[in-house]
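This report refers to the structure that appears directly beneath it.
The values are calculated or read from the model by the stated rules, or taken from the named source; none is laboratory data. Bear in mind that the values here come from a model prediction, so they are computed numbers and not experimental data. Cβ coordinates were reconstructed from backbone atoms using ideal geometry, including for glycine residues, and neighbour counts include every protein chain displayed. The accessibility values were calculated without ligands, DNA or RNA, using every heavy atom of the protein model including side chains. Shrake-Rupley method; radii C 1.70, N 1.55, O 1.52, S 1.80 Å.
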Amino acid sequence: MTSHQNAQTMKPATAAKKLGVYLEATPAEFQEGVVSRDELNKLQSDPPEWLRELRLNGPHPRPVVAAKLGVSISGLARGGITEALTTEQIEALKQESPEWLQKERATQAEVRKEAARVKEKRAEQAERAAGAPDARS
């Protein structure tokens, strides 16, 4: 019995998410087709002009906007940002530095600090457990 390999395909929305771009801003042929794993790899390794432009100037999807602003996606929503933003709009928000953005950045910094503390504590516990004699012996 011989096996043949089917090309893995994904919906355009999935491919756009993996590429970090806003689907509605991609070309129609991208939005209307399916994307194979090979095509996705080629887009990532050798992006066409439209993809380079989207990554540079946007509009960017909310996860990218959140990362560029240093806040969570929930923080964006609390700040009233529900749509994709361009790089120019993101930079303007950074310059303007509204109160909600300052608050959300501080919250995100605390979340990261707590995550690092928990990770460190777990590493210490794992280290102690690894050094403890085996109780089953």
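Table for the structure above
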{"quantity": "Conditions (1) loosely packed, with under 10 Cβ neighbours inside 10 Å; (2) under 19 Å from Arg78 (Cβ atoms); number of the one not met by Leu101", "calculated": "(1)"}
{"quantity": "The range 69-83, residues that are outside any loop (DSSP other than H, G, I, E, B) and buried (at least 18 other Cβ atoms within 10 Å of the Cβ)", "calculated": "Leu69, Gly75, Leu76"}
{"quantity": "Residue, most open to solvent (accessible area, probe 1.4 Å), within the range 30-62, restricted to residues that are of a type in the set (D, E, K, R) and under 30 Å from Arg105 (Cβ atoms)", "calculated": "Arg52"}
{"quantity": "Residue match in the range 113-128 (condition: in contact (Cβ under 8 Å) with a residue 24 or more places away in the chain and in a helix (DSSP H, G or I))", "calculated": "no"}
{"quantity": "Residues located in the range 84-99, provided they are touching a residue at least 24 places away in the same chain (Cβ under 8 Å), of a type outside the set (Ser, Thr, Tyr) and either over 24 Å from Glu53 (Cβ atoms) or assigned to a loop (DSSP other than H, G, I, E, B) (or both)", "calculated": "Ala84"}
{"quantity": "Failed item, numbered, when Val65 is tested on (1) open to solvent by 80 Å² or more (accessible area, probe 1.4 Å); (2) in contact with a strand residue (DSSP E or B) (Cβ under 6 Å, 6 or more places away or on another chain)", "calculated": "(1)"}
{"quantity": "Matching residues in the range 48-67 - criterion: being free of Cβ contacts under 8 Å to residues at least 24 places away in the same chain and under 14 Å from the mean Cα position of the chain (by Cα)", "calculated": "Arg62, Ala66, Ala67"}
